[in-house]
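Since the structure comes first, as structure tokens, the remarks are kept for the end.
The values are calculated or read from the model by the stated rules, or taken from the named source; none is laboratory data. Since we're looking at a predicted model, the values are computed, not measured. In this analysis, Cβ positions are derived from the backbone assuming ideal geometry, glycine residues included, and neighbour counts consider all displayed protein chains. What goes into the accessible areas is simple: the full protein's heavy atoms, side chains included, and nothing from ligands, DNA or RNA. Shrake-Rupley method; radii C 1.70, N 1.55, O 1.52, S 1.80 Å.
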Amino acid sequence: MPRQLLATAQVHPAIQEVVAMHQHAIVHEVQAALVAHAVVVVGMATNPFCKKARTLLRKAGVAHHYLEYGSYLSQWCQRNALKMWTGWPTLPMVFVRGTLVGGANDLQKLIASGELAALLAH
């Protein structure tokens, strides 16, 4: 069953703008990076999976743009907005050509299968 999203009609008109604008700057920053770069990694300090994703890309010779938002105790509100926007529950968030492909383990599978190279070839 697909992830359920609350329909705009179910949000009272008086708060729709608050919902729409919540942490909008971080979402816009990531959206701009997705337009400007073929591969984007969204991460946080001290998270070993964020480091793993970047290491995998470096070893594969894939240039990427990295956006880091806080650590475990800081900037969690901003990261939560990204999780709500994407539906992806953890960091890192790895995007290829604007498409969320998952986290570090998902990226590792794409590299191993050759799919990452195929996605970047187009």
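Tell me the helices (runs of 4 or more DSSP H) entirely within the range 1-78 that contain at least 1 residues that are of a type in the set (Phe, Trp, Tyr).
By residue number, 48-59.
Which members of the range 99-122 meet the condition of being of a type outside the set (A, V, I, L, M) and open to solvent by 40 Å² or more (accessible area, probe 1.4 Å)? Talk me through it step by step, then tell me what you get.
Our first condition is that a residue be of a type outside the set (A, V, I, L, M); within the range 99-122, this holds for 99, 102-103, 105-106, 108-109, 113-115, 122.
Passing the criteria: THR99, ASN105, ASP106, GLN108, LYS109, SER113, GLU115, HIS122.
So is ALA32 small (Gly, Ala, Ser) and open to solvent by 70 Å² or more (accessible area, probe 1.4 Å) or not? Spell out the reasoning first.
Working: small (Gly, Ala, Ser): yes; open to solvent by 70 Å² or more (accessible area, probe 1.4 Å): no.
Criteria not met by ALA32.
Would you mind telling me which numbered condition in (1) modelled with pLDDT of 95 or more; (2) exposed (fewer than 11 other Cβ atoms within 10 Å of the Cβ); (3) closer than 22 Å to LEU107 by Cβ LYS52 fails?
Status for LYS52: all satisfied but (2).
Looking only at the range 85-96, which residues are exposed (fewer than 14 other Cβ atoms within 10 Å of the Cβ) and closer than 19 Å to HIS28 by Cβ?
GLY87
Cβ-Cβ under 6 Å, sequence separation 6+ or interchain: first residue in the range 94-120 and closer than 14 Å to ARG54 by Cβ and at pLDDT 95 or above, partner charged (D, E, K, R) and not in a loop (DSSP other than H, G, I, E, B). Which pairs?
Pairs found: ALA104/LYS52.
Out of the residues in the range 38-48 that are among the hydrophobic types (A, V, I, L, M, F, W, C) and surrounded by fewer than 17 Cβ atoms within 10 Å (Cβ to Cβ), which is nearest to PRO89 (Cα to Cα)?
Top of the filtered list is ALA45.
For GLN75, state whether it is open to solvent by 70 Å² or more (accessible area, probe 1.4 Å) and on the phi > 0 side of the Ramachandran plot. Let's see the steps before the verdict.
Details: open to solvent by 70 Å² or more (accessible area, probe 1.4 Å): yes; on the phi > 0 side of the Ramachandran plot: yes.
The answer is yes for GLN75.
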